[in-house]
Amino acid sequence: MAPGEKIKAKIKKNLPVTGPQAPTIKELMRWYCLNTNTHGCRRIVVSRGRLRRLLWIGFTLTAVALILWQCALLVFSFYTVSVSIKVHFRKLDFPAVTICNINPYKYSAVRHLLADLEQETREALKSLYGFPESRKRRDAESWSSVLEGMQPRFSHRIPLLIFDQYEKGKARDFFTGRKRKVDGRIIHKASNVMHIESKQVVGFQLCSNDTSDCATYTFSSGINAIQEWYKLHYMNIMAQVPLEKKINMSYSAEELLVTCFFDGVSCDARNFTLFHHPMHGNCYTFNNRENETILSTSMGGSEYGLQVILYINEEEYNPFLVSSTGAKVIIHRQDEYPFVEDVGTEIETAMVTSIGMHLTESFKLSEPYSQCTEDGSDVPIRNIYNAAYSLQICLHSCFQTKMVEKCGCAQYGQPLPPEANYCNYQQHPNWMYCYYQLHRAFVQEELGCQSVCKEACSFKEWTLTTSLAQWPSVVSEKWLLPVLTWDQGRQINKKLNKTDLAKLLIFYKDLNQRSIMESPANSIEMLLSNFGGQLGLWMSCSVVCVIEIIEVFFIDFFSIIARRQWQKAKEWWARKQAPPCPEAPHSPQGQDNPALDIDNDLPTFNSALHLPPALGTQVPGTPPPKYNTLRLERAFSNQLTDTQMLDEL
Amino acid sequence: MLLHINPACLFKLLHGFPPWIMPTDGNLGGKNVQMGKPGHREGATMHVKKYLLKCLHRLQKGPGYTYKELLVWYCNNTNTHGPKRIICEGPKKKAMWFLLTLLFTALVCWQWGNFIRTYLSWEVSISLSVGFKTMDFPAVTICNASPFKYSKVKHLLKDLDELMEAVLERILAPELSHANATRTLNSSIWNHTPLVLIDERNPHHPVILDLFGDNHNGLTNSSASEKICNAHGCKMAMRLCSLNGTQCTFRNFTSATQAVTEWYSLQATNIFAQVPQQELVEMSYPGEQMILACLFGAEPCNYRNFTSIFYPHYGNCYIFNWGMTEKALPSANPGTEFGLKLILDIGQEDYVPFLTSTAGVRLMLHEQRSYPFIRDEGIYAMSGTETSIGVLVDKLQRMGEPYSPCTVNGSEVPVQNFYSDYNTTYSIQACLRSCFQDHMIHSCKCGHYLYPLPRGEKYCNNRDFPDWAHCYSDLQMSVAQRETCIGMCKESCNDTQYKMTISMADWPSEASEDWIFHVLSQERDQSTNITLSRKGIVKLNIYFQEFNYRTIEESAANNLVWLLSNLGGQFGFWMGGSVLCLIEFGEIIIDFVWITIINLVALAKSLRQRRAQASYSGPPPTVAELVEAHTNFGFQPDTAPRSPNTGPYPNEQALPIPGTPPPNYDSLRLQPLDVIESDSEGDAI
């Protein structure tokens, strides 16, 4: 016999009852408690006295409960993020810069389309507010005389009305001057925000197809009412004009840009790409990756950024559509759609607007950490823009799609979805009512767009610091304006005025890029090691203990019960076979081993296993004391060799 | 580790070791004991002797236990949870537990690898704090947009201005200026870097036309084409030539405005570079004229509270609260009333007309003791308005190496900081500019006028360095130069930005205009008439916002405590182990090594013995013979006749002397062990 095996056999012999062989559940529990690696259980068995035992049971159960609670907390807080901010100093890509004139089309070019509308607007102004004809610029035209024999096209369709607060449900049509009955709802556009104190309010009525369902929109000020009214008609008219014609009516790049300078190098109109916006006309985008390269700057400061001088011809402004003068600038990513009407910085004429940028990049983690989308592919809204996904694109696309669904035509301010037309009177006579209803529902979040659209996970943001200075200065004006006129001489034939010009500087203040990044705060390793920490802290337990518990409580436990039941069934069957059984049933120990006397001692290895006494112990009646503690202590040194020697001799 | 252990303690320690270790460890213990305290020298030598003896015994007799016994002992006694199960279960469960233990060990190793990698990636976590506290008011630098008073520099720029006017005339009305180009112009300036027109109407043969038409292409040709040139297809360009005029490059412009502006500023740079700085300071705007009124909080201040600094682009700049000589002023309250209020006079009428076309004040907020790079980071304030600037201090504090690549004071950056003369702190802007100036001196042999000069170098000018403009233009456009500089300069670890909320209003209002101008004129010029105008004065309010700081501070995301607790967590989770278990494991490894050494010694000995037996050439004894030889002492093999020439076995003498008990394999091996053990026990007591 090899010595290793011998020692092993010895250990095996000295070990108490092993798990599944334990005859009773109590025995099994006792065995488990004594041999488990967790710390609490052993104390329960070893302790003396009921109070101590109860205390230890309490401690152990508390520890188990604490472990479960802490581990549950760890699991629930698994999907949290930690944020890190990094700063890089490096060469930065210059953003795309879109520049628009605030006025969309040259008024001289579109005037023939809008002549009727203009006349009616003037007439409306006259009859509503009664101010005398005192337009300086355009009074050469005697439009009032033209009005005499003309049928009011626009007012007939959507009449402008004056409401008297004291006469509910009555309104005065400005054109005919007659009072007419107004039924249906009256929606005050401004009433939510402030009280209307004037007695008279102006508004217009929009009706649905069958003209029975009408809604009247009123405004606190006539300026808003007339601008809204004008805009509605304007959109109607422009929706019917083909795109090429509109582009020709708007400003060309050579006209808009007098000089251009980027990173110390001259640039010109060829560096700008055309982008036609329905409400802002021709816009020009600088650095729009048209030849696959994105310009970048390797120095901060205004001289290394974009410097442009813009020609803003105030004479060509549409008097009713826009009431401010200047240009609009949007700084955006190359693949982003410039929402000119929503965001953008307005720049003033006869000024230099210097815009210093700081770049901040943000990266968020998508599902399951937060509700954001990487590229919009998981959002059930079709992107009608030719640009990368953003929340705004999603909202606009959602609205436009709903508009096509409900009203049958598309709104003019946004791109066309496939197989749809822009709304106009001829084909969709009552689209305005539909549009207003839909717009109200959209704003009140009834269309569900806001809940469907998710924000994008990563985005770049340019923080702008805008400051203004006078330009040109008094002394430099004298030489600067003629030279600029000479520069622009190819396009226009007039001497430039300083109010026709605006200078714009866009530059990186410094090349520090801040990146805000989210990263998972917990990894699976961290979770496991936290589990390990908790288990170890409270009970000195590990996965091995968990396996033990499964083994003991789920396999051995049930196998003992099953064995018991099987034995009972067998006994019952045996009794049934031989019903007269005078003797009392023997205890199992007594049956197998008649030599063993059953006393009140703790069961030993042999007695528990129902084994006959070991061969070595030949001396009858003197069994060595077999307390577990005794045995385990000297399992190896002297006792082992002693018995060995005894055997050999 | 055992160096300072008392020998007696050592024995007690050794006594606790598993029995087969005792003699083998003697060697190790002996060495240590020899180095022990001198007082125990005698006892120690005795112990050493004993140990060496035991060691010798052990080496002679072979290891007390086998590898297997060692393993079983380890498994049974280790504190890690898995191994115990391996030995005390049945064969099927044994296999399962063996696999499980291996699996868990592998898992623990893998996870440890992950954690150590994470730790070595030096990640940082950030903490963000926002609020209001009493902070040092930022340093405020203000400059006039025009560097010099025109009335003071007129004599320097006289030739250049005349030339400029002539150029403008030529551009705007070519025919006219030909007729009355009678003025005497300084042709040396012009001939150095002339402006030319490039006629690109024929894209294959661009025609270059000198603006004055003197030296190129003849008069007839140029005058004819210039007339048409205004309309379309003509570009203005600046000709930059190196020393002998052989190598020329053209810097093209798409608009005449840019061309003449760039040309003028290049020439002006050249002129000012030759003037000593003291004179330039005097030609610029003095503080007492520029700063009309100043109020910080409730306390009045004046131009003496400002530090003057000469900035080549903007002339004299004035820095409030720079903190160079005196303590920085704190501001303890948010709002306009507790900030800095300034009224400035920019004197727009006295601007140099061709040098700057923008009128206003350039201002910048920066940290105390840092150099203001106002051209890059400054903002404008407009004349005739009141500009209110709400300030939020946005601070980013970083950890430095190895967490983030940044530098605390710039000492490890391989670029000499030319701004160190100003005694300012390191900033990446200063580094980039120093780097550019360094390159400039290297390739053009002179320093650029806009950047500070290292000792012993001169600023570039046309007289001493005729081809500097060509060289500078090349260098400025060179992307490689910029990228080397960006690569060399490191960002500073503390990054402070001042976030400004700017709003403007008309000032003075029409009603107050009259008295305000009267008072200011009286104070400045002691005149009863109004000497100021709306175009010349600027009002500034700079104050802290309601939340005046936002600090982002980095801290190590994974420190050593984190690493240890996670390593412990993993080991505990899978195997219930701790550091002590690792030590146990190491102990077992040492035992392994010792057993191996002892085995090897035994093997070598047996080899030597076998070599000694090699003289015996008879056939090997059969098993039966050997058994008989060991058990039956009277037994004599009957092979003598088969090998007559050899005598009895050479090792016959080694046979045990009769009378001793028959050798018992196991007990033979174990007995000496027990003897030694009891010996050592006796010694220890």
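The values are calculated or read from the model by the stated rules, or taken from the named source; none is laboratory data. Owing to the predicted nature of the structure, the values given are computational and were not obtained by experimental measurement. Heads up, the Cβs are rebuilt from the backbone with ideal geometry, glycines too, and the neighbour counts pull from every protein chain shown.
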Q: Would you mind stating whether B:C55 is within 30 Å of B:G569 (Cα to Cα) and in a helix (DSSP H, G or I)?
A: no
Q. Within the range B:341-351, which residues are surrounded by fewer than 23 Cβ atoms within 10 Å (Cβ to Cβ) and either in contact with a Pro (Cβ under 9 Å, 6 or more places away or on another chain) or assigned to a strand (DSSP E or B) (or both)?
A. B:K341, B:I343, B:D345
Q) Residue check: is A:A350 out of contact with any His (no Cβ under 7 Å at 6 or more places or on another chain) and surrounded by fewer than 20 Cβ atoms within 10 Å (Cβ to Cβ)? A) yes
Q.
Looking at B:G390 and the list (1) in contact (Cβ under 8 Å) with a residue 24 or more places away in the chain; (2) under 30 Å from B:H439 (Cα atoms); (3) not basic (K, R), which single condition is not satisfied?
A. (2)
**Q.** Test: residue in the range B:107-115 that is away from chain A (no Cβ under 12 Å), of a type in the set (F, W, Y) and touching an Asp or Glu at 6+ places or on another chain (Cβ under 9 Å)
**A.** no
Q: Report whether or not B:T407 is closer than 29 Å to B:I441 by Cα, at the interface with another protein chain (Cβ under 8 Å from one of its Cβ atoms) and polar (S, T, N, Q).
A: no
Q. What about B:L450, is it out of contact with any Lys or Arg (no Cβ under 6 Å at 6 or more places or on another chain), part of a loop (DSSP other than H, G, I, E, B) and either on the phi > 0 side of the Ramachandran plot or within 11 Å of another protein chain (Cβ to nearest Cβ) (or both)?
A. yes
Q. If A:K364 passes every condition in (1) within 14 Å of chain B (Cβ to nearest Cβ); (2) touching a Ser or Thr at 6+ places or on another chain (Cβ under 6 Å) but one, which one does it miss?
A. (1)
Q. From the list A:I162, A:I85, A:I102, which one is at pLDDT 60 or above, touching a Lys or Arg at 6+ places or on another chain (Cβ under 7 Å) and within 14 Å of chain B (Cβ to nearest Cβ)?
A. A:I85
Q. Do we have A:W486 as over 30 Å from A:Y389 (Cβ atoms) and either surrounded by fewer than 20 Cβ atoms within 10 Å (Cβ to Cβ) or in the same structural domain as A:F261 (by the TED database) (or both) here?
A. yes
Q) Restricting to helices (runs of 4 or more DSSP H) lying wholly in the range A:415-531: which have 2 or more residues that are in contact with a Pro (Cβ under 8 Å, 6 or more places away or on another chain) and within 10 Å of chain B (Cβ to nearest Cβ)? A) A:477-488
**Q.** Enumeration of residues in the range B:293-307 that are buried (at least 18 other Cβ atoms within 10 Å of the Cβ) and not in a strand (DSSP E or B)
**A.** B:G297, B:C301, B:N305
**Q.** Flag if A:V322 is touching a Lys or Arg at 6+ places or on another chain (Cβ under 7 Å) and in a loop (DSSP other than H, G, I, E, B)
**A.** no
Q.
Restricting to the range B:88-106, give me the number of residues that are more than 10 Å from chain A (Cβ to nearest Cβ) and in contact (Cβ under 8 Å) with a residue 12 or more places away in the chain.
A. 2
Q) When the residues of the range B:554-581 are filtered to those that are farther than 16 Å from A:E525 by Cβ and buried (at least 16 other Cβ atoms within 10 Å of the Cβ), which remaining residue is nearest to the other protein chains (Cβ to nearest Cβ)? A) B:G576
Q) If the Cβ limit is 7 Å and pairs must be 6+ apart or interchain, which residue in the range B:452-471 that is more than 14 Å from B:D438 (Cβ to Cβ) and of a type in the set (D, E) pairs with which residue that is surrounded by fewer than 18 Cβ atoms within 10 Å (Cβ to Cβ) and modelled with pLDDT of 80 or more? A) B:D464/B:K458
Q. Filtering the range A:288-318 down to residues that are hydroxyl-bearing (S, T, Y) and either away from chain B (no Cβ under 14 Å) or assigned to a strand (DSSP E or B) (or both), which residue is surrounded by the fewest Cβ atoms within 10 Å (Cβ to Cβ)?
A. A:S296
(Q) So for the range A:267-287 (the condition being part of a loop (DSSP other than H, G, I, E, B), under 30 Å from A:N512 (Cα atoms) and more than 9 Å from every other protein chain (Cβ to nearest Cβ)), does at least one residue qualify? (A) yes
Q | Scan of the range B:249-285 for residues that are without any contact (Cβ under 8 Å) to a residue 12 or more places away in the chain, more than 18 Å from A:E303 (Cα to Cα) and over 41 Å from the mean Cα position of the chain (by Cα), ordered by number | A | B:E279
Q. Just checking, how many residues over the range B:72-87 are facing another protein chain (nearest Cβ under 10 Å) and either surrounded by fewer than 18 Cβ atoms within 10 Å (Cβ to Cβ) or part of a loop (DSSP other than H, G, I, E, B) (or both)?
A. 4
Q.
Looking only at the range A:67-82, count every residue that is in a loop (DSSP other than H, G, I, E, B) and within 12 Å of another protein chain (Cβ to nearest Cβ) and tell me the total.
A. 0
Q) What pairs can you find where one residue is in the range A:534-557 and of a type in the set (D, E, K, R), the other is surrounded by fewer than 17 Cβ atoms within 10 Å (Cβ to Cβ) and part of a helix (DSSP H, G or I), and their Cβ atoms are less than 8 Å apart, with a gap of 6+ or different chains? A) none
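Taking the options B:H518, B:H470, name whichever one is of a type outside the set (G, A, S) and either in a loop (DSSP other than H, G, I, E, B) or buried (at least 18 other Cβ atoms within 10 Å of the Cβ) (or both).
B:H470
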